[in-house]
Every structure is written in structure tokens, then in C-alpha cells.
Amino acid sequence: MGRLGTLLQIGRTFGVRDGILRLGYELQRGSGLMSRRMQSVRGWESWDLKHIAPKTSPEDLLSIRRQGGRPFFFSDSRSLAPELKKILGADGEESAVAEANRILEGSLPFFGRLSFACGFPPQWFQNPVTGQRVSPDRPWTRMRFASGFASGVASDDYGDLKFILEPSRFLFVYPLARAYAISGDERFPEAFWSATENWAGNSPPMSGPLWICGQESSLRILAWSFALYAFLGSPATTPQRVALLLSMIAAHAWRTMQTVGYARSQRSNHLFSEAAGLWTAGTLYPELRDAAAWQKQGARLLREAVLDQITPEGAYLQNSFNYQRMVLHLLLWTLRLSEIHKIHLDPEIRTRTAAAFEFIGEFVDSESGHAPNHGSNDGSYILPLAACDYGDFRPLERLGSCVLDRPTALQPGPWDEAALWLCGKSAKSAERELAYTVSSTAGYHRLGTENSWALVRAGRYTRRPFQADQLHVDLWWHGLNLARDAGTYLYNGEPPWNNGLAGTAVHNTVMVDRRDQMRRAGRFLWVDWAQASGRSFSTSFSTSCSTTSADSPDCFEGEHDGYRRLGVKHRRMVQCVTEDAWVIVDDLLGAGEHELRLHWLLPDLPFEVIAASPFCAVLSAGKMRFRWNVFSSSPGSAAIIRGGKDLAGNIVCGDKELLGWESPTYGGRCPAISLLHHVQAPLPVRIVTVILAGEALQLRQSDRQLVLSRDASQVYQVSLAPVQTVRTSG
């Protein structure tokens, strides 16, 4: 397809409305209009209290809040200490204080799991990974990494901008607040105020990279507000410091309002962040001259975002579980504050929030608390208020159950803490029937049991996709993510690490002729969308699987058309035979000879190849052994790659360079095992994967049939011929 055809497809991808919004934003930037507007309010003197809140003194700002006149989630963070200590235990207390001490020593948290030496106050304009710096003096309207941050344009001057922006989200205030509530150590509020003053001194309004994004401005408003109330009773919290903070919040809310059209055009988590930031500024700081307008605009944008981006059944249309958690944190924050302030929000906001909360809960593993690393994962974790791993969704489950008054089967644990901070109490545990009934119209299918389950991705896109992952399978067994998603790693790294993990090659599906299911037209842009359809249903194996409900599906059948340009169709069947046996059948239909490559990404555990043809390998997790068997109707060959190297230790290159890696969070990369099965043959071709846990089930091949048996009794049978799957039970 020529350049003109690609441009037309890109235009259709964004649509008329979004295109007009984005065009308006770019015209304001390009014409200099936005730059002149920013210059008119540059310098903190423009945001002096006498201009933004002329009827209020610094002393009033502080005393009104100390007297409860502007209520927050809690009135005194120190009063939470008894319950907080009960949740954390002695070891948890020690760990929380140690984390805060590390921050004061200059080691800051990044992306939920990482930490880097940044100094304290942080070196706001330096990339802690590369040491590269960006000038704080240039107006952000003349700096092209505004679009670079949103659309992924890299820079040779400063590396990945996300590493520079992360400390300025002020997420480190949450660990400081936790430690202060526990210990009462006045070093922690003093550290917050010192860092805030330092930031203001180094980043005057509307100047430099830290003002470049409305989302970043909004997340600072939330973090600063949390810190203000957490440290409200501290002697370090003076009227002059509170006045400065309100000036900063006013400047950030004004900055966010200037580019709301850009956030609307993105139709992503940016709009949720900016809506919540504006609404929070307008609600908590009514003394500010424009507070009413911010609150009104925030509520309107929040309604627009939930109706546009969250389906009635709760699927988030950015197709990312981490972004769905981020959006839910923003929504739960807003709903809880609206309840405290007795402010009426559109009821659909709560309805869609509840739907999104229930939806994500279907894909949280009950034993580990983790969810599949599905979709884009940029490390966003905007409410780090629990002594739990970044990938643990149980703090969200507990918080949502408390704010939305929903039952939860969770027993008390460290995941209770976020609910304590926002609700003043922990949600009560209650019996909850675990029936997995996610509608397939959302493009997500959950199969199996509570302890042995799979996610199958098979969606029909109505707006731009971010990953080419149709028919990807994530497999979980008693808390272990056996077949997994590689994550994201970097948006702006050197090739192939410039959002390379969004491609088909690293997902657990079949790649044809080394091509992605869709055609890349940019780092975050795909055209020729692959559309999938499928159904999940219950079979006679439901009883043998011991599912928690008779309605819980144990089988998926579906297909996608991503290789229609090659004349190829991919059909996949996924069957939970028992809790210890899974069968995945891939049929590649069409004509002509093609190169087929089935990929499975497995955890970095001891791995032993037992047989090459048909392929059989054993993955060991403690005393449990998992047998991975792959068969095909035409001769195939297997390859194993770990951390970018083959079994002989040779570094792989070309299209395999991305294989054998996973990224648990943004900027973090660790080895995993890529299991590849290659077939070069005329179509049709069938590839069958059989995964067995333990030794209870036996697998044998006979007359182009695969038979699973237990105690000499046949349990399951599947044909190796590329035709319909035959299932028998005995």
C-alpha cells in the first residue's frame, strides 16, 4: 500500500472529531498562539494569592483545613496509625519507614518496581538511567517532545522522556505519608515541602519540559493534595507553604485547561487524569478564583471519558489492564471525594466504574492477586498505598469494594491499606460466588477454574489498537503465570525496543511469514486492523474441571483475519480438559506454502527438552513439573530462546531479538523462555499444544490422534489432521 493509502487509513483511524481536535491543538502550537498565551502567565508572580484568591489569606487557607472546612479522605493521617499498624504488622511498619528513608537519601521509586538514584530533592531535569539532561529554560510549546511523549517520537538529547517526568509526578509523597502516619517523624513532611519549593524554584510556570503534558500536571495536583492533607498537622506545614502550593495547583489546573482538546482527541487515560485533576482542584480549593469552572469542566470530561472509553460491560477500550487499574484509581478517588463533599456526579460515572471494577476482577488471579500483563504497561501506579507488589491488583479490589460497596472474598491483608486511606476503614470480607461470565462481546474470554484458568484475547476493534495480539493466550495455574504476556519495556528506546513488544512475534499466538497481524504505521499506530471473533462455552468437561459454576466456560473457539492479505486465516481452540491439562489447537487455513511460527512465552524456570520430534519439554517450578508438548500435521522444528540467546548461548538477532524477554514494568526487562515451533509447509496446517501439570495424565499419539488418558481410561482425544476438533470423554 502506498503512502497516500496509509495516510487515508490513519485519517480513518482517528476520525473527523478527533482529527479536528488534534488539528486545533497543533495549529495553536504551530502559530505561536499557545506560546504567547503561556508567556502571559509565566513566573510565580502571576499566580500570587492576591490574584488567584484575592479574598483569602495564607493563614485562612491553613486554618480552614485544619478545622475540617475542606474535608478530604482523612482529617489527620496520624489518627490512622493504629489501624495502619494492624494492617502492616511489625515487619511492614519497618519496611514502610525504610522506604521513606531511602527516598530522603535520594533513591526514588520508578514505575512501581524500579528505583534510581536521583538525589533529594531530585534532579528534576536529568534522566537517571543515561545521565542525559534537558534544558529547563525553553518554553515547552517550542519543544517537540510534547508530541514525542504522546506518540513516541524519540530524542537523542535526553533519552526516554518518561524517566525525566516520573519524579515530577511526586508519587514519592505517598511513601512519605505512610511513614509519617506510622512514625510521626517530622523529617518526612519537611522533605515534601522542601521538594515542592525546590520544584517551584526550578520549574517556573509554563516553562520547560515538566509543563509539557496536561496529564502530568493533573497527577501532580492529586499527589500534592494528598500530601497537603497527610501533613496538615505538621509544624512543617506553614501558611506560606500552603499558599505556595495553592498557587502551584492553580497554575497546573489552568495549564491543563489549555490543552483539554488534545486529551479528548487521544481518547485514552489522559482524559481521565485531566478530568480528575481539574475536578479535584475545583472541589478541594474553592477559594481559588476559577475553582467552579474547573470542577464543572472536570465533571463533564469525566462523564465523556467513561461513556466513550468504558463499555457497559466494563471493558476498557485502551485494551490494557494496567491502564484500566489507573483509570479505576482516578474514578474511585473522584467518587469517594464526591461522596465526602456531597457533590452529585452523573450516575453513569458510578455505573461504568462499577462495571469496569467487576470486569477487571474476572482476570485477577485469586491466589497471587496478579493479572495478565496485557496491553500497554507504562508503569503507571498512581496510588501506591499498600505494601504489595506493583503487579498485585488486590489493593484495587479492596479499595473498589469499599468505595462502591461491593462484596469481596478477600481476607484481611496488606492490600487493605488503600481502602483505609481513602475510606477510613477496610472493606469487610463477604462470601462471593465466583462465576466467570465475562461477555465475549468485549473480546476477552476467561476459561477454566478458579485455580487453573486462561485469558484468550479475541476482539473486534472499533478504535485504534495498541498491540497486535489477537488470539493470545495467558495461562495460569495455582498462582503461577505459565504462559504470559511480555509487557512493554520501553516506548522510546533504541530499535527494536521502541515499543517492539507490542508486535505479534512476542505474543502467545501464531505468526505467519514473519509478519505482524496488523501493519505498523507508527510507534503506537496500526492500520489494516486484525479483527477477531470467538465464543467461550461450557462443555462436558466442566464437571471434571471442578469449575466454580456450571456456567463457567471451559472452551474457546475463534478466529482472526489479520493475515487476509496473505490469504491465510488463523483459527484457535483452547480447552481446559482438567485443572491439570490444557489443549490448544491452531488451524492455519488457506492456500500456498507459508512459514508458520507458534510462540509461547514461559517463566524463567528450569527448563529441559525431553524430545525434539514431536517436541516435549519440562518446566520445573519447585516440585511441580509442567510438560509442554507441541505437535503439527506437517513436519516442524522447535527452538528455545532465553534472554535473547539460544540454548547454545549464541545471541540471536533479526526478528528474534525481542524473544526470550519479559518486562514486568516499564523500563524493566528480565529473561524469560520463548518456545518456538516452526512449520514451513503448504496450508492447511494444524498445530496442537498440550500442557500437562504433574504426572496424573498420560499423553500418547496414535494414527494421527492425540489421546489423553488417566488410569488407562481415555479422557480426551484430538486429531492432528487440520480439520474440526473431535472431543470424546470417557
Pairs only if they're at least six apart or on different chains, beta carbon under 7 angstrom, first in the range 660-682 and more than 12 Å from Y390 (Cβ to Cβ) and aromatic (F, W, Y), second part of a strand (DSSP E or B) and modelled with pLDDT of 95 or more; list them, first residue then second. W661/P671
For the range 615-622, check the following and say yes or no: at least one residue is touching a Gly at 6+ places or on another chain (Cβ under 7 Å), surrounded by fewer than 17 Cβ atoms within 10 Å (Cβ to Cβ), in the same structural domain as R484 (by TED's automatic domain parsing) and without any contact (Cβ under 8 Å) to a residue 12 or more places away in the chain. no
Got a number for residues in the range 464-476 being touching a Phe, Trp or Tyr at 6+ places or on another chain (Cβ under 9 Å), in a loop (DSSP other than H, G, I, E, B) and not hydrophobic (A, V, I, L, M, F, W, C)? 3
Candidate set: the range 695-718, residues that are of a type in the set (G, A, S) and either under 42 Å from the mean Cα position of the chain (by Cα) or under 21 Å from C555 (Cβ atoms) (or both); chosen: the one modelled with the highest pLDDT: S709
Could you tell me which residue of the range 620-637 is farthest from the chain's Cα centre (by Cα), considering only residues that are assigned to a loop (DSSP other than H, G, I, E, B) and farther than 30 Å from D587 by Cβ? K623
Out of all the residues in the range 466-477, is one or more on the phi < 0 side of the Ramachandran plot, modelled with pLDDT under 95 and out of contact with any His (no Cβ under 7 Å at 6 or more places or on another chain)? yes
Checked the range 560-578 for anything touching a residue at least 40 places away in the same chain (Cβ under 8 Å) and either in a strand (DSSP E or B) or under 16 Å from A458 (Cα atoms) (or both); matches are H560, G562, Y563, V568, H570, R572, M573, V574, Q575, C576, V577, T578
Output for the range 197-242, where each listed residue is closer than 20 Å to E45 by Cα, among the small types (G, A, S) and assigned to a helix (DSSP H, G or I): A200, G201, S217
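Considering L383, L410, L434, which residue is hydrophobic (A, V, I, L, M, F, W, C) and either at pLDDT 95 or above or surrounded by 24 or more Cβ atoms within 10 Å (Cβ to Cβ) (or both)? Quick ask: steps written out before the conclusion?
Details: L410 fails: either at pLDDT 95 or above or surrounded by 24 or more Cβ atoms within 10 Å (Cβ to Cβ) (or both); L434 fails: either at pLDDT 95 or above or surrounded by 24 or more Cβ atoms within 10 Å (Cβ to Cβ) (or both).
The unique qualifying residue is L383.
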Are there any pairs, at least 6 apart or on different chains, whose C-beta atoms fall under 8 Å, with the first in the range 512-525 and not assigned by TED's automatic domain parsing to the domain that holds R597 and of a type in the set (F, W, Y) and the second in a strand (DSSP E or B) and at pLDDT below 90, and if so, which? none
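Would you point out which residue out of I610, I641 is modelled with pLDDT under 95, part of a strand (DSSP E or B) and in the same structural domain as G448 (by TED's automatic domain parsing)? Before you say what the answer is, go through the steps one by one.
Working: I641 fails: modelled with pLDDT under 95.
The conditions single out I610.
Could you tell me which of the residues S63, S75 is of a type in the set (G, A, S) and either in a helix (DSSP H, G or I) or under 30 Å from the mean Cα position of the chain (by Cα) (or both)? It would help to see each step written out before you state the result.
Details: S75 fails: either in a helix (DSSP H, G or I) or under 30 Å from the mean Cα position of the chain (by Cα) (or both).
The match here is S63.
For every residue, the table says whether it meets (1) in contact with a Pro (Cβ under 7 Å, 6 or more places away or on another chain); (2) assigned by TED's automatic domain parsing to the domain that holds K85; (3) at pLDDT 95 or above; (4) not in a helix (DSSP H, G or I).
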site	(1), (2), (3), (4)
R102	no, yes, yes, no
P122	yes, yes, yes, yes
T130	no, yes, no, yes
S135	no, yes, no, yes
F149	no, yes, no, no
K162	no, yes, no, no
L176	no, yes, yes, no
A181	no, yes, yes, no
D185	no, yes, yes, yes
Residue list for the range 520-558, filter: under 16 Å from M573 (Cβ atoms), surrounded by fewer than 19 Cβ atoms within 10 Å (Cβ to Cβ) and at pLDDT 85 or above: S533, R535, F537, S538, T539
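The values are calculated or read from the model by the stated rules, or taken from the named source; none is laboratory data. Computed from a predicted model, the values in this text were never measured in an experiment. Because the Cβ atoms are built from the backbone with ideal geometry, glycine has one as well, and the counts that use them run over all protein chains shown.
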